[in-house]
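Here the structure is laid out as structure tokens; the discussion comes afterwards.
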Amino acid sequence: MQKIHCESVDRLFQTILNLQSIEECYAYFEDLCTIKEILDMSQRLDTAVLLSQGLSYQKIAEQVAVSSATIGRVSKCLNYGSGGYQTAISRLSVSEES
């Protein structure tokens, strides 16, 4: 497995943390990623949110238009990953309530 923790990745994450608005995020990510990469990441997050709400793989596949393999991978990360999805989802829920 490739090592992810390094100065270059730290710099990438710091630039993301420094963004101050949705508009800045759009501009940065459109420069940084392909449209498909951005949409793929958003679909994975949508999948994680729906899994955390208890939806079935079939419902998620219909709603988000992702494969069962993608749903399975996201589910594995939710259940056995490093907690990133849970942190992001809980903070998203709080920000959406504000």
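With respect to the stated conditions, residue 38 fails to be surrounded by 12 or more Cβ atoms within 10 Å (Cβ to Cβ), farther than 23 Å from residue 5 by Cα, among the hydrophobic types (A, V, I, L, M, F, W, C) and out of contact with any Cys (no Cβ under 7 Å at 6 or more places or on another chain). Within the stretch 9-16, is even one residue out of contact with any Leu (no Cβ under 7 Å at 6 or more places or on another chain) and closer than 22 Å to residue 93 by Cα? Yes, the conditions are met somewhere in the stretch 9-16.
Note on the stretch 6-22: among residues that are under 18 Å from the mean Cα position of the chain (by Cα) and part of a loop (DSSP other than H, G, I, E, B), the one that is farthest from residue 33 (Cα to Cα) is 21.
Taken across the stretch 88-98, residues that are exposed (fewer than 10 other Cβ atoms within 10 Å of the Cβ), modelled with pLDDT of 95 or more, over 17 Å from the mean Cα position of the chain (by Cα) and not hydrophobic (A, V, I, L, M, F, W, C) do not occur at all.
Annotation: of all residues in the stretch 1-31 being of a type in the set (A, V, I, L, M, F, W, C) and under 16 Å from residue 42 (Cα atoms), the one that is surrounded by the fewest Cβ atoms within 10 Å (Cβ to Cβ) is 22.
The values are calculated or read from the model by the stated rules, or taken from the named source; none is laboratory data. Predicted model, so just to flag it, every value in this text is computed and none were measured. Quick reminder, even Gly has a Cβ in these numbers, built from the backbone with ideal geometry, and neighbours come from all protein chains shown.
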